[in-house]
Each structure stands twice: as C-alpha cells, then as structure tokens.
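Everything below concerns the one structure shown next.
The values are calculated or read from the model by the stated rules, or taken from the named source; none is laboratory data. Quantities reported herein were computed from a predicted structural model and do not represent experimental measurements. In this analysis, Cβ positions are derived from the backbone assuming ideal geometry, glycine residues included, and neighbour counts consider all displayed protein chains. Protein only, heavy atoms only, side chains kept; ligands, DNA and RNA dropped before computing areas. Shrake-Rupley method; radii C 1.70, N 1.55, O 1.52, S 1.80 Å.
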Amino acid sequence: MSAPVPTLFRRIVVALTAFLAVFGVAVTAHAQSKVTDVRVGVHQGFTRFVLELDASAPYRLLTLRDPYRVVIDLPEVAWETGDESAGKVAKGVIGKFRFGLFQHGVSRFVIDLREPAVVKAHFRLDPEPGAGHRLVVDLEPSTDQQFAAAMGSVESKDWASRQSAVAAASQSQQQSIVRAPVKPTEQAEKRLKTIVIDPGHGGVDPGAIGASGIYEKKITLAFARDLRDRLQALGGYRVIMTRDRDIYIPLRRRYEVAHRNEADLFISVHADAHHTSDLRGFSVYTLSETASDKEAAALATKENKSDILAGYDLSEYDDQTSFILLDLAQRKTSEASWQFAQSLVKNVGSNVTLLRRPHRFAGFAVLKSPTVPSVLVELGYLSNRREEKDLRTPAYRAGLADAIIRAIDVYFEQQDRLSRS
Ligand SMILES: [Zn+2]
C-alpha cells in the first residue's frame, strides 16, 4: 500500500542522520511518539505523502494559499529520520517540506506545493510486516479556484480530545517560559531593567542554513542562552526569552512578550546567509518604513517570511492586540532603538568583525513594538565558513555576548543621564 521510497531522499536522510549524530543536536525533548520515515510517491493523477510513526497519532490537515501549502499537525512528536527540513524532494505536486515544533503540544509539517492541489484522501494505516503506523495524504493537482474552494482544515476524530488534554499542561509550560527565572523583591525588581531576548526562528522555521548545514534557529538559541546567562550572572537585569526551546513563535507574539513584560529593551537575535560566501560581519537593524538600502529591505522581507514558512494562518492575528499610540511615544521609542544600535556598533566592533555600514534599517515585523526600544542583530553570516565556525564556538559567542552586554550597559547609562537632565 505504501509508496516507493525515493532513494536520493533516503541518502540525504542517512547523511544528515550521521551529521546530527556527530554534532549531537537534540530535536524535541518532550516528545512522545516518533516519526520514523517520510516518503513521497508520484502516482497516476496524484502525489502521495506518507508519514511513518511508531504509534498511531491523531492529526489535523490545513491548506493555505499565497503560497500554496498543506500543513499536517500532529501531537508533539520526535523526528527520527534525520534532518528536519531535508525534504527538498520536488516530486509530483510537492516542492519541499519542513518539520518542527509549532506550538507546545503540536508538531507541524509544512509542505510547499509546486502547483495548486487539493487533498483527495487522507487516512491512517495500521502496522503490517515491513511498515509501521502510517498517515497517508493524497494530493491531486487542481486549479486555483478548486484550491480556494477546498481551503480549510480537517482533522481526525481523536484530534480534538487529544488537544484539549495537552492544552492545560502546555499553558503552564508557556507561562514558565515567559516568567523571569529569578524573582527578586518587588522593590528590587522595579530597579532592574527588563531585557527581552528573542532567539530568531525555531521549530518549523529553521531560518538560514549555514555553509556546513547548521540551522540559524540553533545558533540564535545557543547565543541567546549565552547572553541571558551572562547577563543574569552580572545581576542588575531581568532577562526574559521569547523561546527557550526549539519551537516556532509567531512574529507578533515575540514583541508582545516584550510589551506584556513592560520591557526596557528587545533584542531579536539572527544570523544571516548570503550567496556571496566571503561576506561576513556583525550588523544591527532598527525599524523604519523606508529601508536604508536594498540589502536591508531584502533582509527584512526574508525575515518577515517566518510566519509563512511555519504555515501560520495570518488571519489568526486578532485586532485586539493592535496598538494605537501617540506619535510622540513611537518617536521616543524609535530614537532609543537608534541609540542602542549605535552603542552596539561602537562596543561590538572592538570584539568582532563588523559588516560595512553595520547599522541599517528596514521594515522588520518583529521590531514593531511602539513602546519597547527594539533592535534586530545579525550575529554574522552562516554562509561564510569561518564565521559559521566562529558562531558555533562557545568562546567566540561569549566574547560577542560580552560586547553586547557592554553596549547594553552604556545604553542604559545614557538613557538614565537623559532622563535626569
Ligand atoms: Zn533570521
């Protein structure tokens, strides 16, 4: 019943499994069942996508347009077949696919379609000799109108009950992530500056892919943890992370963490990739309607795609959270963001290489808090072998984190002086 196994994809999986084994990359710590294989087969009139699991799992299917995507949600599962987004299969209607944690309790596959296609059939198969539990999704090429008419979500009968069971646990877990780890007395807490560190990408959105194959989402999380630990060791700062595990967070939710916690500073951490492989250096970006240059505009477009890559339904954003504030507050925030960016350029430059014109600006969605001074840092270029290696080295990351901490200290001293004068 199951489709033939594409040998090239198998080879990619084997190679990447070996890579992951060497570098010991953990995928999901809290996972229960496991995905053991992914297969794509082209049949007469349809493309078959098969997930093999070690246990039967409830599922939900979702179709999204602009671009055409099919999303498969499962309870939180581990990925046993190697690299999470190695699925550059380009077979039948399927372009490529990604896998990762979408939210607490939900793992997600996002399948990019090469052309519009509708779900012709979806079903589960019990194990039989030579095959485990399987989830089968058949996709049939369609017109755009047919795709639009069929858009929406379908789920297995056991999906809803399973999801409500994990919801309570997920909620308490999420709260523990956005809470500051050290809880000082109320008065001491008021004196502490709150810094929200936002490790870019995560879960189903891997971000840029480095020269040796490392994912941006892993570098950003490793660096954010270094920065948090070093800031906390110094005292004087309350540090909150938007994520502390390999999970996708919608862009707007990231700055809402800063807003909700009345943060004094929001730092979104990224690492870029570029087709020019000798390009390297640290850079910092602030929000602006008009971009400083073409490269900054292109970078913002790329970083803003996170929600699309993760198969996030943008209509889920509710309007209640949109901010209406006086221009004055926004201008003050944007000036402060600018000053912090300048402090970064001055202080980071003595520790690491800077990109030419290291402070640039563009319309980054994650920097849109009207009240919290916000910057996005690109730690360096993962497409540059040397810089990728640097960013994987704890000692290099520590030096960079210390330079950023110097910039933070200088920035807050300046702000305090300004508010006193
Ligand atoms: Zn990024």
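Of all residues assigned to the range 119-138, none qualifies as being under 26 Å from HIS201 (Cβ atoms) and surrounded by fewer than 19 Cβ atoms within 10 Å (Cβ to Cβ). Checking each residue in the range 217-248 for being in a helix (DSSP H, G or I), under 19 Å from PHE266 (Cα atoms) and under 11 Å from the mean Cα position of the chain (by Cα) picks out LYS217, THR220, LEU221.
When you check LEU251 against the structure, is it in contact with a helix residue (DSSP H, G or I) (Cβ under 6 Å, 6 or more places away or on another chain), within 15 Å of the ligand (Cβ to nearest atom) and more than 22 Å from LEU400 (Cβ to Cβ), yes or no? Answer is yes for this residue.
Name the residues in the range 255-281 that are within 16 Å of the ligand (Cβ to nearest atom) and closer than 18 Å to LEU231 by Cβ, would you? Across the range 255-281, the qualifying residues are PHE266, ILE267, SER268, VAL269. Of the residues making up the range 250-285, those that are surrounded by fewer than 22 Cβ atoms within 10 Å (Cβ to Cβ) and in a strand (DSSP E or B) number 0. Once the range 297-309 is narrowed to residues that are small (Gly, Ala, Ser) and within 13 Å of the ligand (Cβ to nearest atom), the residue that is most open to solvent (accessible area, probe 1.4 Å) is ALA298.
Would you check which residues across the range 261-294 are β-branched (Val, Ile, Thr) and more than 18 Å from ALA341 (Cα to Cα) and list them?
Keep residues of the range 261-294 that are β-branched (Val, Ile, Thr), which gives 267, 269, 276, 284, 286, 290.
Across the range 261-294, the qualifying residue is only THR276.
Determine whether GLN174 is open to solvent by 60 Å² or more (accessible area, probe 1.4 Å), modelled with pLDDT under 95 and not aliphatic (A, V, I, L, M). Taking the combined requirement at face value, the residue satisfies it. Could you say whether any residue in the range 408-417 is open to solvent by less than 10 Å² (accessible area, probe 1.4 Å), of a type in the set (Phe, Trp, Tyr) and under 16 Å from ALA263 (Cα atoms)? The answer is yes, given that some residue of the range 408-417 is open to solvent by less than 10 Å² (accessible area, probe 1.4 Å), of a type in the set (Phe, Trp, Tyr) and under 16 Å from ALA263 (Cα atoms). Looking at this structure, is GLN146 open to solvent by 40 Å² or more (accessible area, probe 1.4 Å) and outside any loop (DSSP other than H, G, I, E, B)? Spelling it out, GLN146 is indeed open to solvent by 40 Å² or more (accessible area, probe 1.4 Å) and outside any loop (DSSP other than H, G, I, E, B). Can you spot a residue in the range 182-197 that is open to solvent by less than 40 Å² (accessible area, probe 1.4 Å), modelled with pLDDT of 90 or more, within 28 Å of PHE266 (Cβ to Cβ) and within 16 Å of the ligand (Cβ to nearest atom)? Yes, the range 182-197 contains a residue that is open to solvent by less than 40 Å² (accessible area, probe 1.4 Å), modelled with pLDDT of 90 or more, within 28 Å of PHE266 (Cβ to Cβ) and within 16 Å of the ligand (Cβ to nearest atom).
When the range 361-405 is filtered for residues that are under 13 Å from LEU265 (Cα atoms), assigned to a helix (DSSP H, G or I) and at pLDDT 95 or above, the ones remaining, listed by number, are ILE404, ILE405. Only residues that are open to solvent by 50 Å² or more (accessible area, probe 1.4 Å), in contact (Cβ under 8 Å) with a residue 60 or more places away in the chain and over 15 Å from TYR396 (Cβ atoms) were counted in the range 215-240, giving 1. Would you pick out the residues in the range 53-103 that are within 15 Å of VAL40 (Cβ to Cβ), modelled with pLDDT of 90 or more and part of a loop (DSSP other than H, G, I, E, B)? Within the range 53-103, GLY92, VAL93 qualify.
Restricting GLY213, GLY207 to residues that are within 12 Å of the ligand (Cβ to nearest atom), assigned to a loop (DSSP other than H, G, I, E, B) and under 26 Å from HIS275 (Cα atoms) narrows the list to GLY207. Residue count for the range 216-240 satisfying the condition of being more than 16 Å from the ligand (Cβ to nearest atom), within 17 Å of ARG254 (Cα to Cα) and aliphatic (A, V, I, L, M): 2.
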